[in-house]
1. Run the helix sum for the protein assembly as shown: -39,500 (n - 2.57) per DSSP H stretch of 4+ residues, divided by residue count, reported at 222 nm to the nearest 500 deg cm²/dmol.
2. Tell me the label-point distance for the pair B:C125, A:T8, using the 7 Å Cα-to-Cβ offset, in nm and rounded to one decimal.
3. Based on the Cβ-Cβ distance from A:R288 to A:K715, what FRET efficiency comes out when R0 is 51 Å, to the nearest 0.05?
4. Whole Å is fine, so just give me how far the alpha carbon centre of the range A:1-67 lies from that of the range A:207-270.
5. Can you pull the percent of Cα pairs in the protein assembly as shown with separation above 35 Å?
6. Report the extension gain between A:E371 and A:R701 in nm, rounded to one decimal, defined as 0.36 nm multiplied by the number of residues separating them, less their alpha carbon distance.
7. Please turn the phi angles of the range A:727-740 into ³J(HN,Hα) values with the Karplus equation 6.51 cos²θ - 1.76 cosθ + 1.60 (θ = phi - 60°), one per residue in order, whole Hz, x for glycine and proline.
8. For the range B:1-60, divide the Cα radius of gyration by the Kirkwood radius and give the resulting Rg/Rh value with two decimals.
Amino acid sequence: MSAPELVTVTIDERSVQVPKGTGIVETAAAAGIEIPVFCYEPRLGAAVGACRMCLVEVEGMPPKPQAGCTLFAQDGMVVKTARTSEMARVAQNATLEFILVNHPLDCPVCDKGGECPLQDLTFRYGPGNTRMTFDKRTFEKPIPISPAISIDRERCILCYRCTRFSESVSEDNQLVAVNRGAQTMIATFEDEPYTGAFTGNVTELCPVGALLPTQPRFEIRPWEFQAVPSVCGLCPVGCNIDVDQREGKIKRILSRNHPEVDEGWLCDKGRFGFSHLYAEDRITDPLRRVRSRGLEEISWEDALDDAERLLREANGRIAVALSGSETTEDAYALAKLVRKGLGAHTAMLPEEIGGGLDAFRAPLSAIRDAELIVVLGEDPVVERAPIVDLWLRKARRAGAEIVEIGPAGDVQIAPGTTARACRKLKSGELGDRLRASERAILIWSGGGAGGGSHLAALATDLGFADKPGCGAFFLPETANGRGVAEAWAAASDDEGPEPEPLGLLIVSGDEAAANPNVRALAEQAERVLAITMFHSLAVGWADLVLPGTSYLEREGTYVNVEGRIQRLRRTAIPPAPDELAWIAQLASRFEVELSPSPSLVFAELSERVFGGVTYEDLGEEARLPDRVPLEAAPAESADEPVPAKAPGGTLQLLRYRPLFSGAAVERVPELQFQRPAPEIELSVKDAKRLGVRRGEPVSVRSNGTSVQLRAAINKRLKAGVARIADDHARDLHPTVEVSK
Amino acid sequence: MARPLADEVRAIAEQYPESTSAVLPALRIAQERHGGWLPPEALEEVGEALGLTPAYCKGVASFYDMFHLAPVGRRLVEVCTNICCGLRGAQDVLQAFERELDVRPGETTPDGAFTLRAVECIGGCGWPTVVAIDDRHRLNVSAGDVPGIVQELRGG
C-alpha cells in the first residue's frame, strides 16, 4: 500500500501534518489542541454534528462556526478553535449553555460524576453560569430500559450516541429517539427491555449519566476504582477489558480497545457477567465426601493429602476432563502432573479444533477489511464469538459480500454436512472468487468436530497462505480451548493406553462438569476429583472437591480465536488459592518440577510451543504472532456422520449453545432476561405445513420426551430443520415431532 | 375488500431502493386502517412488512405531527395557530372550538366524537384562519363560524 498523502493544516497558528482526510478533531489532537466533543465517536460511523460542542472557525468557509467533527483535513486549511477565535468561543459557550438548559446538574448524586465528559467540559468551557430561569423538563427517573441498564432522561443531552450504536453498530434498532425537539427522549418500543448481545456498550458511550448500568449503583465513585487491564475469558475472542475493582472486589468491567481484536466493544456477558464470582453457591473450601455425612469442609493440608492419595491409588488409571476455561499454564501444570508424574496420558479436551490454521492467521480486524467472507457452520456467530458478529456487520456496511452457508444461511445445507460444503468451495463459482480475491475471509462457526482441519485444507487449496489479507477463523466453543490443547500436548510426548477400568477422573472446571460425556465417564470412574467454582453437578459425584477460580482471579494466558496469546491478570482476590499454587505443591509430591508462578510456567511452555515469546513480550495489548507456514498439506479430520434424514412429518433438531448460558450467566440476576425464550425456530414451510403461527405454543416430542415451546418463524431456516437452544432442547433426540 | 396492510406496504416499498423510504407512506396507510391513530400493533405490522423494528417505526411516527400515537375521535379538528392565522384570530377560533366541544386542545370529547388540536402551519397562509377537519381544509374561518361548523359536523 502506498503511503497516504500528507496535508498541512494550521490549527490555532500551529502547523501540523496529517494524512489527507483525517478528521479535524484528530488533526487538532495531533497538534496538541483539544476540540471538545460529546456526540463525536468515529466508531459509530460518519459524524452527525448533533451536539455542536466542536464548533470552530475555518478560514475561507462561510463566516459562521463550523462543526469540527464533520470536517476533514485539507491542504492549507486554517482552523481556529475557541482558544483563538472569538466567534468559535462565543458559539461554543452558547452551545454548552444550551446543552445544560435541561440538564439537572445533579452531579453529587450521579454515578457518572468524576468520569463524566459533560462535567469535565463544563469545568473547562462554557460561561460558568446560566441565564435560563425557567423550569427544566422533568421525567420519571431512573427507569430501567432493561434489568442491566437504567435511563435517566433528565440527564440526557440527546447526543444520539446510543441510538447510533443501536442503529449502525449492533444494528438491532431497538434503542431510538422518540418525539421531537425538546420533547425528544431515548426509548425502546413500548418499554420492552433493550435486549441483545451488546446493549451494555451504550453505558460506556453515554457522555453523561443518562445510561448507567444498574449495578453498581450509589456504591462507589469512579476515582475509587482501580482499573486492572486484563482479558475477558468467557468466549474465544478474548476482548481486552479494564476490570474496575475496589478493595479486592470487582465492581464493573469496561472495554479496553484493542483495535485488532474488539475495537473497544464488549458483549453483555463479558461486561455484566462478573458477579457470578460472588454467587452464594461459590465453593471456598475443599470438600471431602464422607460416606455417612455427605460432603464436609476440610483444610487445604488435608485436601492435598487426599488428592495425593487419590492420585496414587489410581495407579496411573487416570483421565482428565478439561473445560477450556483453564489458563494455558494451569492446563500445562495439570498435564505435567498427571503425564510426567503419573504416566497418565488420557484427557478429554473441550473440543477438537484441528491444526494448520496458524498458516492463515489474521487479526479479527481483517474481517472488516475483507471484500468477500464465507461463514460456514451451524451456530449463529453471535452465540459463539459475539464480537466477530460486530466485525461482520462492519464489513457488510463497508460493502463486503458475506455468504453464510448453514442450516439457516444464504446457502442452506442440512445439519452435519458443513465439512462437505467446505470441500465444495475448492471449486465452483464462489470458490473461484475466493481464490481470486486478495481480501477474503473464511469463518467456521460450529457444526462438527475438526472444523479447523477442513478449513485449513480449504484455505491451503485457495492459496490463502500467501495472501496476507486472506484469513481463516475457526470459532472455538471455549475461551481457551486452543491454549489448553497446546498445553496438554506440550507437557509430554509419551502416550499411554486408555485407562481400563478408570481409577480416577479429574474434572477440571464447571464447563467440563456440565458436559454429558464427562458425566457418563464419572459414572464409570472409581473416584472423581472435581475442581469447580460452584456447587454444581460435579459436586454430586466427586470424592474430593477443590475450589476453582475464575478467569478474573488468576494470572496466566489464554490463546484466542486468532491464536493471539493474551495475558489474564489477577483482578480480584479469590476466596481460595488459585489452581497453579496447589497443583505445584501436589506436583512436588510426585517429584515433578513445577513452578507456582504463572510467568515461569509460561516461560517453560513457551520454549516448547510458543517460540520462546516471554510473558513481558505479551504486554497489555498483545500482538498477533506471525503465521506459521505449513510444512505439509493439513490432514483433514474424518467427516462427522451425517445424521439420518428425518422421516416424513418429523424435523431434524438443530441445537445451539446460546451466548447467554452457562455457569457464569446462570448466576447473574441482571442477565436472566437475556437468556433465550423457550422457543422453537421453524422454517416458513414447516410452520405452514403444521399450521403454526408465530408465538403459538407447540409441543415438541421425541422418544417419549416432550417439551412445550413457543413457535418462532425463521425465514432463513432450511425446511425440515427445527432449531432450539440447548437450555430448552434438554433431552430431546435428534429427530423431533412438532404439533400444536 | 381492501388489500391486507402488509401487501399494500410492501407494494409501496418496492418503489424505493431502501425499505426505510417507505415508512412514511406505510404509516399513513396504517393510521387510516387503525381508526386514525397508530396503536403499537400498527407499528409492529408496518415494521414486519418492511423488515424494520417497531422501535424504528415509533421513532419516525412520533417525530411527525400528523401521526397520532393515542386514539383520536371520529372527527379530527385541527386549528392552525401559526403566524398568519395567529394574526387573523386563530386563538379566538381555537377558543370557540374549545367552548363548543367542551375540550382543551389535544383532548377528545368523552363520547369519542371529536378530537381538537392546535397545530402549526398547514399551508393555507393565504386564507387564515385555516382549520383542517379530517384532513380537509376550511379557509378563512372566524370564531363566529365555529358553532355552525360544529353543528354541521354533528350532523345537525
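Where a number appears in this text, it was derived from the coordinates with a stated rule and is not lab data. What you are looking at is a predicted structure, and each value in this text was computed from that prediction instead of being measured. Note that we place each Cβ from the backbone using ideal geometry, even for glycine, and neighbour counts take in every protein chain shown.
1. On the way: 30 runs with 252 residues, N = 896.
Using -39500 (n - 2.57) per qualifying helix, the result is -7500 deg cm²/dmol.
2. A separation of 5.0 nm, rounded to one decimal place.
3. On the way: r = 55 Å, r/R0 = 1.07.
That pair, A:R288 with A:K715, gives E of 0.40.
4. A separation of 29 Å, based on Cα centres.
5. On the way: 242226 of 400960 pairs.
The proportion of pairs with Cα distances above 35 Å equals 60 percent.
6. Details: separation 330, 0.36 × 330 = 118.80 nm, distance 4.35 nm.
Extending this stretch completely gives an extra 114.4 nm.
7. 4, 9, 6, 6, 9, 4, 7, x, 10, 10, 10, 10, 8, 6
8. Numbers: Rg = 10.2 Å, Rh = 11.1 Å.
Checking Rg against Rh, the ratio lands at 0.92.
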